Amino acid sequence: MIDRIAASLARLLLHRHALAVLFVLYLLPRAAMIACNVTPTSDADWYYSRAAMLSHGLGYLDAKGHATAFWPVGWPWLLSLAFRVGGVSVWTVGAINLIAAMATAWLTLDLGRRMTGSELAARTALLALAVYPNAILYVPLALTEVVYTALLLLAVWLLVARPGWLATLGAGLVFGLATLVKAQTLVIVPVIFAIVLWRDGGVWRRCPGVVARGALVLAAAALVIAPWTFRNHRELGAWVTVSTNGGFTLLTGNNDSARGGYTPDDVLVRQLNAQTSLDEVAYDAEARRLGTHWIATHPGQFVKLIPLKLWHLWGPDGEGQWAYETGSRAFTAAPHAFLAVRAVNQLWYWLLLVAFAVAPFHLIRARMAAGQGVIDWWLIAYAVALFPTAIAVVFSGQSRFHYPVMPFVCIIAGWLVADWCARRRRTNT
């Protein structure tokens, strides 16, 4: 029975028409969700309104009409460009996210081929991502996740699939744009180049060239970021590289009320907010001081928070549904259907995560048995997962921060399924 399932799965996914079916399966539910007409709320409302301001040439301003850099500008700026073409509308948000989601599909497929060396693994990864409910729910939302994920995948793809200097320059430019969407993005670049350096051997011989490529990526990224940094210096009177919310994020994750997630109502945070004389830069500095002081004076509590932060990051999933609860009539019309989808999503997410967790043990053993080097492109998936994990340890865990990792999780899960199918075939021959 198991052997027939493995053979049928491989035969279906490798059929010559399977790719077309997979892309249709990926596209249709995402396009359908745009019809839910989700009104932006909370963070999405802030991004949406600032994008509308930018599209009308009003600048990047806070609620009081002052220049701000509290939130990274990348997503509102990109969305403002779409607004100039398609008009300020939630339909425009859905359209740009749908384009980004389709780019994510293709990049997941091609990276899957290159990271695993298996067409079956790549197609299984695409199938896993196509039916992943949380990814579908995000498409109409004016949040950063869908576009940021496409940018991150594109930057990684350029480094993996196109080893030339021009592609390296392109990767740097994309990484720069991604950093303007999520400020900590560049910390992953050295890890990727460490993998590039070690995967083919000849470390000392290849080191100068790899270091030069890494330097080019960082320099190109800096070129993209620099105009925004200079703007911040002009408007805020300080050298703010990307955003001024780092201190606040640190403090809301490290305080007496902290339980691993985001705690904006803590006493320390309220005391900080009561200091109305602070400008944005001073507010950020004071928040950072309070957060670091709390960590320094409560080292035991900080350590105890780490498992809770990691649970908040990696345990729950399906947070895309929240926007529908407050911003769409679709949820009001069928609340039980949405709750059922979330339950199915949580199960699917945990299955993917379990596959992602156990795969390295089997993958390393299989590569060593085949006489292959352990260090290869597959490690990038775990480097990408390490990125939000390390940030959560210092700041706080929020489930939407693992969203950009999920295509890489699907790739590894796809490899595990493809390897299982291959082993079943070998057993029967």
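Residue by residue through segment 18-55, note down the ones that are surrounded by fewer than 21 Cβ atoms within 10 Å (Cβ to Cβ), in contact (Cβ under 8 Å) with a residue 24 or more places away in the chain and of a type in the set (Val, Ile, Thr).
Ile34, Thr39, Thr41
Residue check: is Ala370 among the small types (Gly, Ala, Ser) and surrounded by fewer than 16 Cβ atoms within 10 Å (Cβ to Cβ)? First the steps, then the outcome.
Values: among the small types (Gly, Ala, Ser): yes; surrounded by fewer than 16 Cβ atoms within 10 Å (Cβ to Cβ): yes.
In short, yes.
What number of residues within segment 17-44 are in contact with a helix residue (DSSP H, G or I) (Cβ under 7 Å, 6 or more places away or on another chain) and within 28 Å of Gly74 (Cβ to Cβ)?
Selection size over segment 17-44: 15.
Of the numbered conditions (1) touching a residue at least 60 places away in the same chain (Cβ under 8 Å); (2) of a type in the set (A, V, I, L, M, F, W, C); (3) within 22 Å of Ala161 (Cβ to Cβ); (4) surrounded by fewer than 21 Cβ atoms within 10 Å (Cβ to Cβ), Trp378 satisfies every one except a single condition; which is it?
Single failed check for Trp378: (4).
Of the residues Ala63, Ala67, which single one is farther than 24 Å from Val174 by Cα, touching an Asp or Glu at 6+ places or on another chain (Cβ under 7 Å) and surrounded by fewer than 20 Cβ atoms within 10 Å (Cβ to Cβ)?
On the way: Ala63 fails: touching an Asp or Glu at 6+ places or on another chain (Cβ under 7 Å).
Of Ala63, Ala67, the one residue that is farther than 24 Å from Val174 by Cα, touching an Asp or Glu at 6+ places or on another chain (Cβ under 7 Å) and surrounded by fewer than 20 Cβ atoms within 10 Å (Cβ to Cβ) is Ala67.
From the list Thr276, Thr263, which one is outside any helix (DSSP H, G or I), among the β-branched types (Val, Ile, Thr), touching a helix residue (DSSP H, G or I) at 6+ places or on another chain (Cβ under 6 Å) and closer than 29 Å to His66 by Cβ?
Numbers: Thr276 fails: touching a helix residue (DSSP H, G or I) at 6+ places or on another chain (Cβ under 6 Å).
Result: Thr263 is the single residue among Thr276, Thr263 that is outside any helix (DSSP H, G or I), among the β-branched types (Val, Ile, Thr), touching a helix residue (DSSP H, G or I) at 6+ places or on another chain (Cβ under 6 Å) and closer than 29 Å to His66 by Cβ.
Testing Leu278 on (1) surrounded by 12 or more Cβ atoms within 10 Å (Cβ to Cβ); (2) at pLDDT 95 or above, one condition comes back false. Which one is that?
Only one criterion in (1) surrounded by 12 or more Cβ atoms within 10 Å (Cβ to Cβ); (2) at pLDDT 95 or above is unmet by Leu278, namely (2).
Consider Ala215 against the criteria (1) buried (at least 22 other Cβ atoms within 10 Å of the Cβ); (2) more than 22 Å from the chain's Cα centre (by Cα); (3) over 15 Å from Phe70 (Cβ atoms): it satisfies all of them except one. Which criterion is unmet?
For Ala215, the failing item is (1).
When segment 392-422 is examined, which residues are found to be at pLDDT 95 or above and of a type in the set (Val, Ile, Thr)?
Across segment 392-422, the qualifying residues are Val393, Val394, Val405, Val409, Ile411, Ile412.
Among the residues of segment 124-141, is any within 30 Å of Val281 (Cα to Cα) and out of contact with any Cys (no Cβ under 9 Å at 6 or more places or on another chain)? Show your work before the answer.
Filtering segment 124-141 for residues within 30 Å of Val281 (Cα to Cα) gives 141.
Cutting the leftovers down to out of contact with any Cys (no Cβ under 9 Å at 6 or more places or on another chain) gives us 141.
Yes, segment 124-141 contains at least one residue that is within 30 Å of Val281 (Cα to Cα) and out of contact with any Cys (no Cβ under 9 Å at 6 or more places or on another chain).
Checking the condition without any contact (Cβ under 8 Å) to a residue 24 or more places away in the chain and of a type in the set (Lys, Arg), which residue from Arg270, Arg213, Arg259, Arg289 passes?
Values: Arg213 fails: without any contact (Cβ under 8 Å) to a residue 24 or more places away in the chain; Arg259 fails: without any contact (Cβ under 8 Å) to a residue 24 or more places away in the chain; Arg289 fails: without any contact (Cβ under 8 Å) to a residue 24 or more places away in the chain.
Within the list Arg270, Arg213, Arg259, Arg289, the selection yields Arg270.
What residue, among those in segment 261-275 that are more than 15 Å from Gly247 (Cβ to Cβ) and surrounded by fewer than 17 Cβ atoms within 10 Å (Cβ to Cβ), is farthest from the chain's Cα centre (by Cα)?
In the first step, residues of segment 261-275 are kept if they are more than 15 Å from Gly247 (Cβ to Cβ); the result is 261, 265, 267, 270, 274.
Cutting the leftovers down to surrounded by fewer than 17 Cβ atoms within 10 Å (Cβ to Cβ) gives us 265, 267, 270, 274.
Values: Asp265: 27, Val267: 31, Arg270: 30, Ala274: 33 Å.
The extreme case among them is Ala274.
Do you know which residues across segment 303-331 are more than 25 Å from the chain's Cα centre (by Cα) and surrounded by 14 or more Cβ atoms within 10 Å (Cβ to Cβ)?
Within segment 303-331, Ala330, Phe331 qualify.
Looking only at helices (runs of 4 or more DSSP H) that lie completely in segment 1-64, which have at least 1 residues being more than 30 Å from Ala323 (Cβ to Cβ)? Explain how you work it out, then say what you get.
Details: elements: 2-13, 18-34, 42-55.
Those helices (runs of 4 or more DSSP H) span 2-13, 18-34.
Can we say Phe361 is free of Cβ contacts under 8 Å to residues at least 60 places away in the same chain, within 23 Å of Asp43 (Cβ to Cβ) and either under 19 Å from the mean Cα position of the chain (by Cα) or assigned to a helix (DSSP H, G or I) (or both)? Give the derivation first.
Working: free of Cβ contacts under 8 Å to residues at least 60 places away in the same chain: yes; within 23 Å of Asp43 (Cβ to Cβ): no; either under 19 Å from the mean Cα position of the chain (by Cα) or assigned to a helix (DSSP H, G or I) (or both): yes.
No: the conditions fail for Phe361.
With the requirement that a residue be in contact (Cβ under 8 Å) with a residue 60 or more places away in the chain, surrounded by fewer than 24 Cβ atoms within 10 Å (Cβ to Cβ) and over 18 Å from Ser399 (Cα atoms), what does segment 136-179 give you?
Answer for segment 136-179, where residues must be in contact (Cβ under 8 Å) with a residue 60 or more places away in the chain, surrounded by fewer than 24 Cβ atoms within 10 Å (Cβ to Cβ) and over 18 Å from Ser399 (Cα atoms): Val160, Leu177.
Taking only pairs six or more apart or across chains, which ones have beta-carbon atoms under 9 Å, a first residue in segment 1-13 that is at pLDDT 80 or above and of a type in the set (A, V, I, L, M, F, W, C), and a second residue that is in a helix (DSSP H, G or I) and loosely packed, with under 11 Cβ neighbours inside 10 Å?
Every condition considered, no pair remains.
Testing Arg288 on (1) more than 16 Å from Gln398 (Cβ to Cβ); (2) surrounded by 20 or more Cβ atoms within 10 Å (Cβ to Cβ); (3) basic (Lys, Arg), one condition comes back false. Which one is that?
Condition not satisfied by Arg288: (2).
For Ala220, all conditions in the list (1) surrounded by 21 or more Cβ atoms within 10 Å (Cβ to Cβ); (2) of a type in the set (A, V, I, L, M, F, W, C); (3) not in a loop (DSSP other than H, G, I, E, B) hold save one; what is the number of the exception?
Only one criterion in (1) surrounded by 21 or more Cβ atoms within 10 Å (Cβ to Cβ); (2) of a type in the set (A, V, I, L, M, F, W, C); (3) not in a loop (DSSP other than H, G, I, E, B) is unmet by Ala220, namely (1).
The values are calculated or read from the model by the stated rules, or taken from the named source; none is laboratory data. Here the structure is a predicted model, which means the values were calculated and not measured. Ideal geometry is used to build each Cβ from the backbone, glycine not excepted, and the neighbour counts take in all protein chains shown.
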